[in-house]
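Peer 1: My structure is below; once you've seen it, I'll send some questions.
The values are calculated or read from the model by the stated rules, or taken from the named source; none is laboratory data. Since the structure is predicted, the reported quantities are computational estimates derived from the model, not experimental observations. Note that we place each Cβ from the backbone using ideal geometry, even for glycine, and neighbour counts take in every protein chain shown. Just the protein is used for accessible areas: all its heavy atoms, side chains included, with ligands, DNA and RNA removed. Shrake-Rupley method; radii C 1.70, N 1.55, O 1.52, S 1.80 Å.
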Amino acid sequence: MAEALQHARDYTLSLFDSFVAAGMDAPTRVPQLRIINPPLWELGHTAWFAEWFILREAASSHPADANGNCLLTKGDDWFDSARVPHRSRWTLDLPSTGGVKTYCHEVLDRVLDKLSREANTDEALYPYRLALAHEDMHGEAFHYTLQTLGLPTPLPQTGEVLGAFAPSEISFPGGIIQLGSKAGTGFVFDNERQSHAFHVAPFRMDSTLVTNAQYADFVADGGYDNRQFWSQAGADWLMRQERSAPRYWQRDGGQWRTVRFGKLCTLAGAEPVRHVNLYEAQAYCAWAGRRLPTEAEWEYAALSGHPAFRWGQLWEWTASPFEPYPDFKADRYLEYSEPWFHTHQVLRGASFVTPSRFGSAKFRNFYLPERDDIFAGFRTCAWPG
Ligand SMILES: [Fe+2]
């Protein structure tokens, strides 16, 4: 745990330095977009979150539930994501870049010191695991912020060789599975509980994600011009955005190019299509006579151990709206799941920037349907099931 926390913090700081190198550490120099945070705010927020749940032993994210004061006098006014409106994060009187970094180091030093005296139990380790998962998720958010702003990633690879698997379709017999995670199985987020039996009908599912070449066929066949492939919400989104191909695709003579972390490159046909939103995934399916998997089907397939089934390249849109499992109860981080039920859509899997310690076939990610800035793609299933 100590190593993981140290690694996560070093990694967060190295990602942050990519913004510093581009002069984007000062919030005023960062474009005010709904889909990103000013990196300096996000850096301070990750340390604040760890301080809140670990050092201040908060019973919940409610403002009255933490002990003592933040190491930074105004830390609670700056970095509480549930209470600091998104727009205002660009205009707070935050400490300097150096000041926020010093705060990050100080929180981590104290966290590691406290951890060294902690019992090795699920209950004692819960806040550490929560803060680690939170920081890992913000590491991924830093990455899609780099992509959104057209800045380079410090990672050696940016996922260019993602598609080296033979596509095939797998038939699964279905049956009863246990959705969600039982208590006493280490750390899980509240939305994975309660564990419950769930019946999955027989289904046929792609072993891999839909590729750029497959998606380009849809585009070439007038997919973005033909309303019949789009849901009403999807058609409305398309009208607003005036899209004729996925975000970042650029036509160059006879081929498509794309932008990866600020670099223009040729779109490789065999790679999974990425930066598509739910509406685009649904429209592709309608065109191809296919459908998206439900999250239960996805989990069944991923846990089946089938040797041809590949996941972990990109987050995968599912057909399932983000809804609570039966007998849901919010955990200490009250705003993690509950405010987003019914408006967001479930994505399963992991992406090439998700740390491997975080990856789980049972993890439920969730985003608004129109998000195409995240590292998401999709796979399809045959009709009817
Ligand atoms: Fe957060």
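Peer 1: Failed condition for T148, given (1) at pLDDT 95 or above; (2) within 16 Å of the ligand (Cβ to nearest atom), with all others met?
Peer 2: Result: T148 passes all but (2).
Peer 1: Looking only at the range 332-345, count every residue that is open to solvent by less than 30 Å² (accessible area, probe 1.4 Å), in contact (Cβ under 8 Å) with a residue 24 or more places away in the chain and in a loop (DSSP other than H, G, I, E, B) and tell me the total.
Peer 2: First, the residues of the range 332-345 that are open to solvent by less than 30 Å² (accessible area, probe 1.4 Å): 336-337, 341, 344-345.
In the following step, the residues that additionally are in contact (Cβ under 8 Å) with a residue 24 or more places away in the chain were identified as 336-337, 344-345.
Keeping just the survivors that are in a loop (DSSP other than H, G, I, E, B) gives 336-337, 344.
Total satisfying the criteria: 3.
Peer 1: Based on this model, can you work out whether A119 counts as within 14 Å of the ligand (Cβ to nearest atom) and of a type in the set (G, A, S)?
Peer 2: For A119, the condition - within 14 Å of the ligand (Cβ to nearest atom) and of a type in the set (G, A, S) - is not met.
Peer 1: Restricting attention to the range 93-110, which residues are out of contact with any Gly (no Cβ under 9 Å at 6 or more places or on another chain) and within 16 Å of the ligand (Cβ to nearest atom)?
Peer 2: Correct list: V107 only.
Peer 1: Within the range 239-282, track down each residue that is within 20 Å of S207 (Cα to Cα) and more than 20 Å from the chain's Cα centre (by Cα).
Peer 2: Result: A268, G269, A270.
Peer 1: Can you tell me which of G174, G180 is under 30 Å from P293 (Cα atoms), surrounded by fewer than 17 Cβ atoms within 10 Å (Cβ to Cβ) and away from the ligand (no atom under 16 Å from the Cβ)?
Peer 2: G174
Peer 1: Filter the range 346-358 down to residues that are out of contact with any His (no Cβ under 9 Å at 6 or more places or on another chain), open to solvent by 40 Å² or more (accessible area, probe 1.4 Å) and touching a residue at least 24 places away in the same chain (Cβ under 8 Å), then give me how many there are.
Peer 2: 0
Peer 1: Quick one: N69 ticks every box in (1) more than 16 Å from the ligand (Cβ to nearest atom); (2) touching a residue at least 60 places away in the same chain (Cβ under 8 Å); (3) open to solvent by 60 Å² or more (accessible area, probe 1.4 Å); (4) not charged (D, E, K, R) bar one, so which box is it?
Peer 2: That leaves (2) as the condition not met.
Peer 1: Is the range 232-246 home to any residue that is open to solvent by 20 Å² or more (accessible area, probe 1.4 Å) and within 30 Å of G305 (Cβ to Cβ)?
Peer 2: No, that holds for no residue.
Peer 1: Kindly indicate which of P38, P63, P31 is open to solvent by 40 Å² or more (accessible area, probe 1.4 Å), within 16 Å of the ligand (Cβ to nearest atom) and not aromatic (F, W, Y). Walk me through it before giving the result.
Peer 2: Working: P38 fails: open to solvent by 40 Å² or more (accessible area, probe 1.4 Å); P31 fails: within 16 Å of the ligand (Cβ to nearest atom).
Matching residue, one of P38, P63, P31: P63.
Peer 1: A follow-up question, please. Could you tell me which numbered condition R83 fails, if it satisfies all but one of (1) open to solvent by 60 Å² or more (accessible area, probe 1.4 Å); (2) of a type in the set (D, E, K, R); (3) away from the ligand (no atom under 16 Å from the Cβ)?
Peer 2: Among (1) open to solvent by 60 Å² or more (accessible area, probe 1.4 Å); (2) of a type in the set (D, E, K, R); (3) away from the ligand (no atom under 16 Å from the Cβ), R83 violates only (3).
Peer 1: Here is a further query. Within the range 351-364, which residues are touching a Ser or Thr at 6+ places or on another chain (Cβ under 9 Å) and either farther than 25 Å from A82 by Cα or outside any loop (DSSP other than H, G, I, E, B) (or both)?
Peer 2: F352, V353, S360, K362
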